[in-house]
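Participant: Starting off with a structure, shown below.
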Amino acid sequence: MQDLLRTLTAPDDLLPEDWFAHPPRLETPRLILRRAVMRDAQDVFAYASDPEVARYVLWEAHRTIGDSRHLLRCLLREYREGRPSNFVIEEKSSGHVIGTIGYMNWKPENASVEVGYSLARDCWGRGLATEALGAVLRHSFENLKVHRVEALHDVRNPASGRVMEKCGMKKEGVVRACARNKGEWVDAALWAILAEDWRE
Ligand SMILES: CC(C)(COP(=O)(O)OP(=O)(O)OC[C@H]1O[C@@H](n2cnc3c(N)ncnc32)[C@H](O)[C@@H]1OP(=O)(O)O)[C@@H](O)C(=O)NCCC(=O)NCCS
């Protein structure tokens with residue numbers, strides 16, 4: 001379908017909603033970011049069932065593989081409906097899915113979108129989230145042609161802020177008690193990058 005779309009329409013004519021419906025395959029030196037498929041469930045369960053991975057995100061650690069299948073069904077529905085969604089992150093060396101990265105809170109009137117990501121614990125500290133976020137920012141500005149990309153992280157999770165910083169995002173402040181995570185209100189640091197920052 002994606003190939004068909006490309007032959008019928010020049011990429012420049014595609015709207016963000018078209019890209020959400022047909023996520024392209026993004027490649028970095030060590031990763032492939034691609035649309036999710038149901039057979040990713042086992043890999044997703046392997047990392048999403050780890051409470052440490054879920055600690056600072058707004059979803060609960062998966063208790064059964066049924067939770068991972070439910071997540072994947074949600075992603076497939078978002079693609080079908082042309083809504084902002086996630087790529088799965090596949091590590092080239094192992095062929096395994098090691099995380100997700102993607103979009104939420106698309107605001108067409110402001111051409112702004114929020115990004116978020118999660119990675120398997122045994123992959124942390126190798127620069128992989130930075131590599132994945134860099135690819136998604138490139139896609140956001142070069143293909144979706146957004147004006148602003150935002151990201152938020154729990155203030156107790158500075159590694160995530162460091163990933164944003166390494167990708168050229170700027171910290172804009174702390175949004176107090178803006179989200180409820182596992183029973184408690186949390187403060188979140190707000191980061192963003194504008195198209196003009198990206199061009200520089
Ligand atoms: C946050 C997360 C995505 C980082 O992924 P990663 O692949 O380890 O990130 P990178 O290796 O690209 O970069 C991490 C950076 O944070 C730094 N870092 C790690 N722990 C840190 C801490 N406690 N304080 C400050 N910086 C820290 C690392 O040193 C590295 O920076 P450097 O390259 O300058 O040394 C990963 O830990 C994760 O998936 N966590 C669980 C889900 C999650 O919290 N997602 C973010 C939601 S906003």
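Each reported figure results from applying straightforward, stated rules to the coordinates on display, with no laboratory input. Computed from a predicted model, the values in this text were never measured in an experiment. Using ideal geometry, Cβ is built from the backbone for each residue, glycine included, and neighbour counts are taken over all protein chains shown.
Participant: Can you tell me, using C-alpha contacts under 8 Å and at least 6 residues apart, the relative contact order of the chain as a whole percent?
Facilitator: Values: 345 pairs, mean separation 36.8, N = 200.
Dividing the mean separation by the residue count of the chain yields 18 percent.
Participant: Considering the chain as a Gaussian network with a 10 Å cut-off on Cα pairs, which listed residue, Leu58, Leu144, Leu76, attains the greatest mean-square fluctuation?
Facilitator: Leu58
Participant: In addition: Along the charge dipole of the chain, Cβ charges K/R +1 and D/E -1, which of Val149, Val88, Met164 sits furthest on the positive end?
Facilitator: Of the candidates, Val88 comes out farthest on the positive side.
Participant: To continue, here is another question. Could you list Tyr103, Tyr79 in order of exposure, starting from the residue whose Cβ has the fewest other Cβ atoms within 10 Å?
Facilitator: Final ranking by Cβ density, sparse to dense: Tyr79, Tyr103.
Participant: On to the next question. What share of all Cα pairs of segment 72-122, in percent, falls into each consecutive 5 Å distance bin?
Facilitator: Per 5 Å bin, starting at 0, the Cα pair percentages come out as 5, 19, 23, 22, 16, 10, 5, 2, 0.
Participant: Tell me the mean residue ellipticity at 222 nm calculated for the chain from its helices only (DSSP H runs of n ≥ 4, each -39500 (n - 2.57), averaged over every residue, nearest 500).
Facilitator: The helix-only estimate for the chain comes to -9500 deg cm²/dmol at 222 nm.
Participant: Let me know the charge dipole size of segment 58-128 about its Cα centre in debye, to the nearest 20, where only the beta-carbon of Lys, Arg (+1) and Asp, Glu (-1) is charged.
Facilitator: Roughly 160 debye, rounded to the nearest 20.
Participant: Given the options Gly66, Pro29, Ser118, identify the residue whose Cα lies farthest towards the positive end of the charge dipole of the chain (+1 on Cβ of Lys, Arg; -1 on Cβ of Asp, Glu).
Facilitator: Of the listed residues, the answer is Gly66.
Participant: What pairs in Lys145/Lys171; Lys107/Lys182; Lys92/Lys171 have C-alpha atoms more than 24 Å from each other?
Facilitator: As for pairs spanning more than 24 Å Cα to Cα, those are Lys107/Lys182; Lys92/Lys171.
Participant: Taking the number of other C-beta atoms within 10 Å as the exposure measure, put Arg176, Arg199 in order starting with the fewest.
Facilitator: Least crowded to most crowded, the residues run Arg199, Arg176.
Participant: State, in angstrom, two size descriptors of segment 151-200 derived from its alpha carbons: Rg to one decimal place and Dmax to the nearest whole number.
Facilitator: Taking only Cα atoms of segment 151-200, I get Rg and Dmax of 12.0, 41 Å.
Participant: Looking at segment 91-176, which GluC sites (Glu not before Pro) are in a loop (DSSP not H, G, I, E or B) and have at most 12 other Cβ atoms within 10 Å? All intermediate terms of the calculation are to be shown ahead of the outcome.
Facilitator: Details: sites: Glu91, Glu109, Glu114, Glu131, Glu142, Glu150, Glu165, Glu172; in loops: Glu109.
Filter output for segment 91-176: Glu109.
Participant: Just how large is the dipole of the chain about the Cα centre, in debye to the nearest 20, putting +1 at every Lys and Arg Cβ and -1 at every Asp and Glu Cβ?
Facilitator: 360
Participant: Next question, about the same structure. Dividing the alpha-carbon radius of gyration of segment 25-154 by 2.2 N^0.38 Å (N being the number of residues), what value is obtained?
Facilitator: Rg over 2.2 N^0.38 Å, computed on Cα atoms: 1.01.
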